[in-house]
Amino acid sequence: MSSNIRIEKTCEHCQKTFMAQKTTTRFCSESCAKRAHKKRLRDEKISKAIETENTKKPFNPVVKEKEFLSIKEVCMLLGASRWTVYRMIDSGRVKAVKIGWKTIIERNEINNLFL
């Protein structure tokens, strides 16, 4: 069953006017439909990346209050890698104590780095 309906519409992608045969037609051609689909997927991917960036774990405020910090906490506090912290310990810039397997650094040592 064919339809004799002809509706003048504007393409949502290229903004050109065209004659549509259906009331649900949104694009003037298949290429415009494909481009709009790719743009929609790209926009969704970008918005998802922005959303995950905004929902990352914030800095742990408990670290600011602790007197003794682990290597991981020092890395979070300084924004440095684990190996950078270990190099500072080996060079003597930061004093650390090993308790069993764990390395502990006093908070004052970190504060003294910036004096």
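The values are calculated or read from the model by the stated rules, or taken from the named source; none is laboratory data. These numbers were taken from a predicted model, which means no experiment stands behind them. Glycine gets a Cβ as well: all are built from the backbone with ideal geometry, and neighbour counts include every protein chain shown. Remember, those area values only see protein heavy atoms, side chains included, never the ligands or the DNA or RNA. Shrake-Rupley method; radii C 1.70, N 1.55, O 1.52, S 1.80 Å.
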Determine which single condition residue 68 fails, assuming it passes every other condition in (1) open to solvent by 100 Å² or more (accessible area, probe 1.4 Å); (2) farther than 21 Å from residue 110 by Cα.
-> (2)
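Every residue in segment 11-56 that is assigned to a strand (DSSP E or B), out of contact with any Cys (no Cβ under 7 Å at 6 or more places or on another chain) and surrounded by 13 or more Cβ atoms within 10 Å (Cβ to Cβ), please. Break it down into steps so the answer makes sense when it comes.
Taking segment 11-56 and keeping what is assigned to a strand (DSSP E or B), we get 17-20.
From what is left, the residues that are out of contact with any Cys (no Cβ under 7 Å at 6 or more places or on another chain) are 17, 19-20.
Listed by number, the list holds a single entry, 20.
Filter segment 88-105 for residues that are of a type outside the set (S, T, N, Q) and assigned to a strand (DSSP E or B); which is least open to solvent (accessible area, probe 1.4 Å)? First the steps, then the outcome.
Taking segment 88-105 and keeping what is of a type outside the set (S, T, N, Q), we get 88-90, 92-102, 104-105.
Adding the requirement that they be assigned to a strand (DSSP E or B) leaves 96-99, 102, 104-105.
Values: 96: 39, 97: 88, 98: 134, 99: 110, 102: 115, 104: 34, 105: 1 Å².
Filtering first and then ranking leaves 105.
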Do we find that residue 85 is surrounded by 10 or more Cβ atoms within 10 Å (Cβ to Cβ) and hydrophobic (A, V, I, L, M, F, W, C) in this structure?
-> yes
